[in-house]
Amino acid sequence: MERAVRELWAESRDLLGLPCPSMDDPSAASAVPRVDLPPTPLAFLRDHVSPGRPLLVSAAATRHWPAASLWPAASYLTDTLRSTAVSLHLTPDGRADALAPHPHPRRAGPSRCFASAHVRRVDFPAAVRLIRESDPAAGLVAYAQQQDDCLRGEYAAVAGDVDAHVPWASEALGCLPEAVNLWIGNAHSVTSFHKDHYDNIYAVVSGEKHFLLLPPTEHHRLYVRDYPAAHYVAAEQDAEGEHQLRLKLEMEEPERIVPWSSVDPCPSSPEEMAAQAAAFPLYFDGPAPIRCTVRAGEMLYLPSMWFHHVSQSPGPNGLTIAVNYWYDMQFDIKYAYFNFLRSLEIDQDGGLEVGNKAHLAVVTTLLLAAVGRPERKASIAPVDALTAAAEAEHQVKRGLLLDAVVSQGAVILQLLSREDEALLIRRDACND
């Protein structure tokens with residue numbers, strides 16, 4: 001099974017025109033296709049959206065934005081947003097939405113948890129000061145990364161400095177962006193490997209963003225496992241100001257489970273590298289991730305469900321500033337195939353094995369629904385309804401399903417869908 005999956009990694013990269021070098025091969029530099037001018041909607045749809053191939057567009061894509069000249073200036077944003085309160089995300093080390101040591105580890109429980117940032121509302125000038133002064137050595141790193149359509153919300157006063165949407169992407173995708181976000185940070189903020197159910201257009205205005213990319217077919221290399229959720233809270237605050245804030249990690253109650261990548265691709269020491277390589281051989285013994293640096297003025301198209309790890313370098317103003325446009329993905333057969341792929345589980349030795357029957361029943365239902373044949377029964381071993389329902393409930397927590405209930409010996413799955421009205425699929429789980 002592992003051999004077949006490794007062949008899938010190589011074949012999918014070959015079909016996308018991407019290299020498959022080893023981790024220590026220097027030729028693993030950026031292989032993302034690059035164009036000097038924005039593509040036509042047809043070319044973008046045909047060559048990138050449909051096959052799921054990233055694209056880097058040169059600075060010509062944003063040259064007309066007022067933000068291109070205004071935002072890197074030292075005072076423009078602070079003057080324009082002087083009286084605006086914004087959401088600032090605070091962590092001790094610059095790693096929000098990432099794994100951290102469990103604050104109360106138990107012998108039989110996980111040693112790590114999924115940690116979210118402490119969020120505070122501060123005036124924008126204070127936010128910029130905190131971001132510039134951020135340093136893990138002081139135990140506090142600030143990052144403006146609200147991700148809730150914040151450019152059109154908190155930052156509405158400067159939203160007109162960029163395009164409201166990306167015209168060639170909007171026409172190709174057949175919709176306007178669901179969210180437009182503003183990101184402001186420094187070199188200490190790092191985003192761990194994750195994927196989004198959005199087609200993402202990411203534009204850098206100041207500084208650089210450094211991406212490590214893996215296609216969805218390489219899901220198993222990241223050892224996605226379930227972790228209990230936690231968040232940072234303010235432990236104390238010195239009278240001198242907010243920069244003296246101290247953070248501590250608290251587990252969420254009631255418990256919330258988050259599936260997340262276990263791999264840190266950039267360990268901080270040789271000892272940590274050795275530990276990571278031993279624990280996660282599918283990543284460190286596999287092909288190198290695709291590297292892509294997005295510089296000021298450039299745009300990166302990141303297809304939905306691509307895994308990405310992001311670090312950054314500030315511009316002359318001491319800040320990395322970016323805008324991204326999230327377009328809702330098309331939940332089609334590729335999504336169903338991805339869920340089928342991730343039903344293959346990693347065994348204790350790091351190899352791959354077929355997942356449990358109930359999980360397989362759920363993802364097979366998704367696959368049949370995606371091809372428009374929900375009435376067909378899957379050719380898999382029988383699974384009783386209660387077992388399948390329990391697995392479906394687990395997948396609800398993981399975000400694969402919106403809802404799952406048992407009714408008259410059948411499992412009813414409410415699938416994630418682009419439309420407001422979710423697709424209801426009824427699957428007889430007793431008589432396969």
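A few comments on the model shown:
- Pairing each residue of region 1-26 that is of a type in the set (D, E, K, R) with any residue that is in a helix (DSSP H, G or I), provided the two are 6+ apart or on different chains, yields C-beta distances under 9 Å for E2/H220; E2/L282; R6/L282; E11/T217; R13/T217; R13/E218.
- Residues in region 175-197 that are of a type in the set (F, W, Y) and out of contact with any Leu (no Cβ under 6 Å at 6 or more places or on another chain): W183 alone.
- Restricting V141, V180, V166 to residues that are within 20 Å of L245 (Cβ to Cβ) and crowded, with 18+ Cβ neighbours inside 10 Å narrows the list to V141.
- All of (1) farther than 18 Å from L88 by Cβ; (2) not in a strand (DSSP E or B) hold for C292 with one exception: (2).
- Filtered residues of region 36-50 (kept if in contact (Cβ under 8 Å) with a residue 60 or more places away in the chain and either surrounded by fewer than 16 Cβ atoms within 10 Å (Cβ to Cβ) or out of contact with any Asp or Glu (no Cβ under 9 Å at 6 or more places or on another chain) (or both)): P38, T40, L42, H48
- Cβ-Cβ under 6 Å pairs, at least 6 apart or on other chains, region 51-62 side in the same structural domain as L213 (by TED's automatic domain parsing) and touching a residue at least 24 places away in the same chain (Cβ under 8 Å), far side among the aliphatic types (A, V, I, L, M) and not in a strand (DSSP E or B): R53/L16; P54/V32; L56/V32; A60/L37; T62/A68
- Within the span defined as region 59-66, every residue fails to be within 22 Å of the chain's Cα centre (by Cα) and buried (at least 17 other Cβ atoms within 10 Å of the Cβ).
- Extreme residue, surrounded by the fewest Cβ atoms within 10 Å (Cβ to Cβ), among residues of region 254-264 that are at pLDDT 95 or above and in a loop (DSSP other than H, G, I, E, B): S262
- Contact map, region 133-154: residues that are closer than 15 Å to S311 by Cα paired with residues that are surrounded by fewer than 21 Cβ atoms within 10 Å (Cβ to Cβ) and of a type in the set (D, E, K, R), Cβ distance under 6 Å, separation 6+ or inter-chain. Pairs shown: P136/D93.
- Filtering region 270-301 to residues that are within 30 Å of T78 (Cβ to Cβ) and hydrophobic (A, V, I, L, M, F, W, C) leaves V294, A296, M299, L300.
- Test for P19: is it touching a helix residue (DSSP H, G or I) at 6+ places or on another chain (Cβ under 7 Å), farther than 30 Å from L341 by Cβ and assigned by TED's automatic domain parsing to the domain that holds F284: no
- Verdict on R82 being basic (K, R), part of a loop (DSSP other than H, G, I, E, B) and modelled with pLDDT of 95 or more: yes
- Every condition in (1) of a type in the set (G, A, S); (2) assigned to a loop (DSSP other than H, G, I, E, B); (3) farther than 24 Å from D149 by Cα is met by A336 except one, and the failing one is (2).
The values are calculated or read from the model by the stated rules, or taken from the named source; none is laboratory data. From a predicted model like this one, the values you see are computed outputs, not experimental measurements. Cβ atoms come from the backbone with ideal geometry, glycine included; neighbour counts cover every protein chain shown.
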